[in-house]
Each structure stands twice: as C-alpha cells, then as structure tokens.
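J.: My questions will all concern the structure given below.
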Amino acid sequence: MGREFIEIFDGWAEDYDQTVAGIDPEYREVFRNYDEILQEVTMQSKGNVLEFGVGTGNLTKKLLQAGHDVIGIEPSQAMRKIFEKKIPETIVLDGDFLQYPELNIPIQTIVSTYAFHHLTDAEKEVAVKKFTTLLEKNDRVVFADTMFESVAAKQKVIDEAERNGYTTLVEDLKREYYPTTDTIEKIFKDKNFSITFKQMNDFVWLIIAIKNG
C-alpha cells in the first residue's frame, strides 16, 4: 500500500469504524452496503487467505468466522493497534502490497478492501506480478475497491462532490490513485488472470481474478 498515505491512515484509525458505518455524509455513498461488500469478499474466498490493508479488522473477522486461516498485512501502526485489540488471536504483520514478510503457509486467496487504490497504476502492476508467485492455478484475488468505468465518470463524481461541498472527499479523489475498470482488467489479464467485475455501490467494485494455468 502507498506508504505516502500512512499519516492519513494513522489519523483516521480511531474514527474509521464510525466512517464505514455511514456517520460521515461525505463518505456515506463510498461505504454504502459496507457489510454486504465484506460478506461478498468473504463468500468468494477459499482456503488460506492473505489480506492486505486489514485496517481495524472488519473483513478479517468475517473471514475468520467463515473458517479461513488469515495472514494480515497493514502498514499503519495505529490501525494495527486497534486490530490487535479487536482480534488478539490473529497476528497482523507490518507491510504493504509491495513489501511484506515471507509467508510460512501456502495462500489460495488474496483479499483487500478499500486499499488497492493507494498504489499507482505502475505499482499495481508490480503487486499483481508478485501475486502470481504466491498463487497456484485456479487460486484467486478478491478485491473490493473504489474505481470508475472511465476518466469521465470519475470527473463526474468529483464535480458532484464539489457541488455538495464535500471538500475532503474531493481532495481524496484527486490525491489518490483511483483506477478505471479497464486499467484493472488489463493489469490482471496481462499477468494471466481471468477477471470479473461486480458494482457494489456508486464507488466500489468487486473484482474476482482467477489465476490461469
């Protein structure tokens, strides 16, 4: 995950669970159907799971309840501290999509929610290439993240947020590396994955990428 954003994550940690619950009107649509999104990622996961950007552990809890063994990766120390209080039985490691400790179990599913956009498109390509070394044929990547069908669609959302006075959301949309769906499709297909998309709200798409032989 983009290390340049760690200060933001650290500052957000204490209020993160309130934000995803829809308390903040600027992010209400971003996190609409949040529980359903986490549940969908959980349902599409299989076997041992590697989770990037665990945050405060909301997805991790669902994965554990579904019987998965989970290795969590999180670059924010403040987020890790909250995670450890909520799920003390699970170890979360310091790392990100590009740099993480060597894993001691085989991984069948790589998951993440609301995190992959912290990488530039070039970094996304590097991350997916690394995924290919962790996964075997028919293993999968299951991500839910903010992305847009086109640059024009992204700009339309920014314009609407500006009209609503959502200055924090506008800064967020302009600062971070939200991709288009065709960019994500190309990145995964170039690394020999088959990929499907499902829109979960006006911001978030679920992607399921299956590694081919």
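J.: So what are the ³J(HN,Hα) numbers for the range 69-74, from phi and the Karplus equation (6.51, -1.76, 1.60; θ = phi - 60°), rounded to whole Hz, Gly and Pro as x?
T.: Values per residue, Gly and Pro as x: 7, 10, 9, x, 10, 8 Hz.
J.: Given the options MET43, MET79, MET147, which has the most mean-square fluctuation in a GNM of the chain, springs set between C-alpha atoms less than 10 angstrom apart?
T.: Largest GNM mean-square fluctuation: MET43.
J.: Could you work out what % of the accessible surface of the range 28-169 is carbon and sulfur, using a 1.4 angstrom probe and leaving DNA, RNA and ligands out of the count?
T.: Working: 3040 of 6530 Å².
For the range 28-169, the apolar C and S fraction of the accessible surface comes to 47 percent.
J.: With θ taken as phi - 60° and the coefficients 6.51, -1.76 and 1.60, list the Karplus ³J(HN,Hα) couplings across the range 88-102 in order, rounded to whole Hz; mark glycine and proline as x.
T.: x, 7, 10, 7, 10, 9, 6, x, 8, 4, 9, 9, 7, x, 5
J.: Follow-up. What lysines sit close enough to LYS86 to cross-link, taking a C-alpha to C-alpha distance under 16 Å and skipping anything fewer than 8 places away on the same chain?
T.: Correct list for LYS86: LYS61, LYS62.
J.: Another one. Amide H to amide H, which residues 5 or more places from PHE148 or on other chains are under 5 Å from it, using H placed in the peptide plane?
T.: THR180, THR181
J.: When the helices in the chain are scored as -39500 (n - 2.57) per DSSP H run of 4 or longer and the sum is shared across all residues, what 222 nm value do you end up with, to the nearest 500 deg cm²/dmol?
T.: So the calculated ellipticity at 222 nm is -11500 deg cm²/dmol.
J.: Then there's this: Non-local amide H neighbours of LEU93 (under 5 Å, H modeled in plane, Pro and chain starts lacking H): which ones?
T.: GLY72, ILE73, GLU74
J.: Let me ask something additional. Tell me which residues come under 5 Å, amide H to amide H, from MET200 once H is placed; ignore anything under 5 positions away on its chain.
T.: Sorted by chain and number, the residues that satisfy this are TRP205, LEU206.
The values are calculated or read from the model by the stated rules, or taken from the named source; none is laboratory data. Fair warning: this is a prediction, and the values are worked out from it, not measured in the lab. Side chains are part of the model used for accessible areas, which takes the heavy atoms of the whole protein and leaves out ligands, DNA and RNA. Shrake-Rupley method; radii C 1.70, N 1.55, O 1.52, S 1.80 Å.
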